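The block underneath contains the structure these notes are about, expressed in structure tokens.
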Amino acid sequence: MSVIDAIVLGIVQGLTEFFPVSSSGHLVMTESVLGLRIPGISFDIALHVATLLSVLMVYHRKILELFGGLLRRGERSTLPYVGKLVVATIPAGLVGVLFQDWFEARFDDPIFAGTMVLVTGSLVWSTRWGRREGAFALRELLPVVLAGAVAAIAGTWAPFLAVLAVQGGIMAFTRTTAPSAWHEPPGWGGAALMGIAQAVAILPGGSRSGSTVGNGLWRRIDPVAAAEFSFLMSVPAILGAAVLHIPDALAQQSTVGVAPMGAGVLAAASAGVLAIRFFVALLRKQNFHVFAYYCWLVGAAFVLFGG
């Protein structure tokens, strides 16, 4: 792998880790398009750790505040917020440990990843309804139907419908159990449901930020507060996944040189910072759903022409 390849993959990882467009799916698809087959998982771990650095750089004040308030009492205590982060981390941790081999096998199927990007687009699109009350027009379901039709043409309609049904069920339960008013930060129930959404998004083509922030919007959590909680959730999730894979990384000889590795990490960390700031700006303007168009376009192009 050349330095240019590493930079491209780093930028893709940094942007898509925080945009609701699926970082795992984009990495699988990008490697396929570039004709890369990277033995071992050292480079993948390095890119994920780089995106962890992005979160630490953007939210360093919040993280210091959380640590500083752990021993305080009353309203200044941050123990409840940290406890909610722990609760939100548990589902993904359990799924990652118990079903690690099954999930890793899915990463060998680029068409499956592209199909899940179509699901991600449909999930992100649903936040149009999650942030408002009342019924929606049936015509707003047309893009989701078209995404399903693309999956049917590609022969992957079964996983498309299955994962969409699971995500839809989570969103429906989230709304029916949500508080009546918009609020911040997430409550204990909201934190647990965002954690479940994060666990489902482990699938290649699933979006961690799309699932968690989308779930937060359905829960009537303030968009910026939902994004902050989502990105802070990613710290233990990414760190835990990296630690879990360290033995495998040490057992496998990395073929990626020092220069490409460093270039990829720097590119991922830099792109991650920009992605977080841009993502939060869009949330403030309530334009979260626009990412759905990109997901559908990329997912459709890949499953139809890129496999």
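Filtering segment 142-154 down to residues that are without any contact (Cβ under 8 Å) to a residue 40 or more places away in the chain and loosely packed, with under 15 Cβ neighbours inside 10 Å, which residue is farthest from L304 (Cα to Cα)? Among those that are without any contact (Cβ under 8 Å) to a residue 40 or more places away in the chain and loosely packed, with under 15 Cβ neighbours inside 10 Å, it is L142. Counting only helices (runs of 4 or more DSSP H) wholly contained in segment 63-173, the ones carrying 1 or more residues that are within 18 Å of F302 (Cα to Cα) occupy 100-106, 110-125, 142-154.
None of A201, A162, A249, A181 is surrounded by 24 or more Cβ atoms within 10 Å (Cβ to Cβ), among the small types (G, A, S) and modelled with pLDDT under 95 except A201.
Checking each residue of segment 207-219 against the condition of being surrounded by fewer than 24 Cβ atoms within 10 Å (Cβ to Cβ) and over 13 Å from the mean Cα position of the chain (by Cα) gives no match.
The residue list V235, V273, V224 contains one member that is closer than 24 Å to R175 by Cβ, within 18 Å of the chain's Cα centre (by Cα) and either at pLDDT 90 or above or surrounded by 15 or more Cβ atoms within 10 Å (Cβ to Cβ) (or both), which is V224.
The values are calculated or read from the model by the stated rules, or taken from the named source; none is laboratory data. Being a predicted model, the structure only gives us computed values, none of them experimental. Neighbour counts run over all protein chains shown; Cβ positions are idealised from the backbone, glycine included.
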